[in-house]
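Take a look at the structure below.
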Amino acid sequence: MSMVALGMRNLMRSKPRLLLTAVLIGVPFFLLLAMQSIGEAVQRQAEVLTREVNTVVQLRARGSMGHVNMTNQDRILPREVLEKVRAIEHVAQVEPYLLAMAPITPPNFVMHVGLAPTAMKRLESHGEAGNPRIIAGRDFTPADAGQDVAIIGQAYAKWAGIRPEDIGKAVLTVDPTRTHPVIYAMDRPKRDLRVIGMYASGYVFGDQQLFMPIDTFRSIYGIDKGISWLFVRVDDVANVAAVTRRLKETVGDVADVLAPESAAVFTSTTSRNVLQLASVGGLLAVLLMVVVVFFVLLMQVRERSREIGTLKAIGASNRGVTTQFLAEAAGLTLLGGAVGVALFKVAGAALTGRLFAIGIGPFLPSQYKPLFESLAVGHDISVSLVGLVILTAVVAAVVGSAYGVWQATRFSPLEAMKNE
């Protein structure tokens with residue numbers, strides 16, 4: 001039997017030791033894959049938000065926030081603006097929104113947003129970016145148009161006492177008569193909305209919104225015509241400036257034309273910090289893996305000095321003994337890598353989110369700590385990264401084993417047995 005085959009067969013001599021070693025090697029593999037997953041998820045989110053912000057122009061009634069019940073800020077765009085905007089060249093999509101404010105306690109307020117069921121759910125406090133992730137229930141469908149249904153932010157749901165398991169059955173009452181120092185009462189009847197979904201945005205105020213079909217909003221608040229906000233998606237970033245000029249020429253007498261950039265700034269700043277932390281975490285995981293692999297294999301070889309002495313006594317050469325242990329080390333490393341990959345494929349999405357919260361969340365500003373709850377962390381694996389990691393681990397294993405074997409093979413068979 002060749003020394004390589006003997007090394008592979010030796011893997012099964014002690015199943016508990018094999019399992020323990022595989023787990024010790026697999027954990028750093030998992031940590032590295034988790035750091036990679038976090039980095040890729042944040043990068044994807046940054047790219048999406050930046051693309052949405054950079055190609056979207058917002059219109060509001062001149063000098064007004066456009067909230068239908070906000071004191072001195074309730075002027076809205078006339079409905080004919082919609083058709084004028086749609087006729088402008090390079091406008092790819094136009095999305096109208098209606099907004100109202102609702103008071104909650106402790107002293108604060110939430111946003112009620114009316115939109116087309118297929119429109120992007122935009123978050124007012126961060127450059128009007130979206131779409132937040134649905135974490136319970138379902139999203140709107142075209143069939144929800146005009147229906148008494150809503151999707152609620154997780155912070156608003158917590159205040160209302162609505163739990164994720166309640167989604168689909170929970171009812172939220174919209175009361176336009178309620179007031180606040182900046183909100184005036186509207187003489188409109190209350191309306192119960194069935195909450196069909198809950199979302200998480202990762203932003204504190206972004207999670208305090210309630211989305212409903214725009215026709216339902218008009219019925220509740222008595223807004224037959226007009227638009228609070230109008231979002232104009234341009235077909236290409238290069239055409240944004242030209243479309244903005246045309247918008248000002250066409251509707252500038254009644255509208256403020258805004259090109260939001262705050263979300264892009266927020267995204268680039270926050271994502272850069274998270275990516276840096278993920279990179280440091282990945283580097284630490286690699287170092288941990290190298291240290292674990294090196295010393296685990298070194299200790300295993302040192303514990304088997306008697307075996308090395310026996311092999312030499314029956315005629316095995318130093319080269320043959322070294323080949324056997326290196327083959328065994330490579331096999332253990334590959335098995336440990338497989339354990340790490342399997343763990344990541346099975347539980348990567350769930351465990352990585354918690355790892356992000358525990359390991360990276362504390363380093364983020366407090367207002368961004370909920371980000372991990374909305375981060376769409378996947379369990380996809382980069383083949384090139386796994387290959388590089390396994391190669392690094394195998395090298396560490398080979399070096400650790402070779403060093404231990406070299407120390408043992410320097411002795412005579414009797415000395416090797418005594419040195420165990």
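The values are calculated or read from the model by the stated rules, or taken from the named source; none is laboratory data. What you are looking at is a predicted structure, and each value in this text was computed from that prediction instead of being measured. So basically every Cβ, Gly included, is an ideal-geometry build from the backbone, and we count neighbours across all protein chains shown.
Give the residues of the stretch 23-46 that are under 30 Å from residue 96 (Cβ atoms) and modelled with pLDDT of 65 or more, sorted by residue number.
44
For residue 231, which of the numbered conditions (1) exposed (fewer than 15 other Cβ atoms within 10 Å of the Cβ); (2) under 31 Å from the mean Cα position of the chain (by Cα); (3) of a type outside the set (Gly, Ala, Ser); (4) in a strand (DSSP E or B) fails to hold?
Going through (1) exposed (fewer than 15 other Cβ atoms within 10 Å of the Cβ); (2) under 31 Å from the mean Cα position of the chain (by Cα); (3) of a type outside the set (Gly, Ala, Ser); (4) in a strand (DSSP E or B) one by one, residue 231 breaks only (1).
Which one is surrounded by the fewest Cβ atoms within 10 Å (Cβ to Cβ), of the residues in the stretch 47-98 that are among the aliphatic types (A, V, I, L, M) and modelled with pLDDT under 90?
Selected residue: 48.
Any residue in the stretch 157-178 that is assigned by TED's automatic domain parsing to the domain that holds residue 147 and over 19 Å from residue 205 (Cα atoms) sitting within a Cβ distance under 6 Å of a residue that is in a loop (DSSP other than H, G, I, E, B) and of a type in the set (Lys, Arg)? List the pairs, counting only those 6 or more apart or interchain.
Pairs found: 173/190; 175/190; 176/188.
Any idea which of (1) out of contact with any helix residue (DSSP H, G or I) (no Cβ under 9 Å at 6 or more places or on another chain); (2) at pLDDT 95 or above; (3) among the charged types (D, E, K, R) is the one residue 188 doesn't satisfy?
Failed condition: (1).
Sort out which residues of the stretch 207-244 are in contact with a Gly (Cβ under 9 Å, 6 or more places away or on another chain) and of a type in the set (D, E, K, R), and write them in order of number.
207, 215, 218
Can you tell me which residue is surrounded by the fewest Cβ atoms within 10 Å (Cβ to Cβ) among those in the stretch 148-176 that are part of a strand (DSSP E or B) and of a type outside the set (Gly, Ala, Ser)?
173
Look at the stretch 207-238 and say how many of its residues are on the phi > 0 side of the Ramachandran plot and in contact (Cβ under 8 Å) with a residue 60 or more places away in the chain.
Total satisfying the criteria: 1.
Kindly indicate the residue of the stretch 126-147 that is among the small types (Gly, Ala, Ser) and under 23 Å from residue 231 (Cα atoms) and also surrounded by the fewest Cβ atoms within 10 Å (Cβ to Cβ) among those meeting that condition.
143
Determine if the stretch 243-258 includes at least one residue that is closer than 27 Å to residue 157 by Cα and modelled with pLDDT of 80 or more.
No, the stretch 243-258 contains no residue that is closer than 27 Å to residue 157 by Cα and modelled with pLDDT of 80 or more.
Mind counting the residues in the stretch 185-196 that are surrounded by fewer than 22 Cβ atoms within 10 Å (Cβ to Cβ) and either touching a strand residue (DSSP E or B) at 6+ places or on another chain (Cβ under 6 Å) or charged (D, E, K, R) (or both)?
Number of matching residues: 6.
Taking the stretch 158-182 only, how many residues are in contact with a Phe, Trp or Tyr (Cβ under 9 Å, 6 or more places away or on another chain), aliphatic (A, V, I, L, M) and modelled with pLDDT of 95 or more?
So the count comes out to 3.
Within the stretch 177-206, track down each residue that is assigned to a loop (DSSP other than H, G, I, E, B) and in contact with a Gly (Cβ under 8 Å, 6 or more places away or on another chain).
Hits for the stretch 177-206 are 186, 188, 201.
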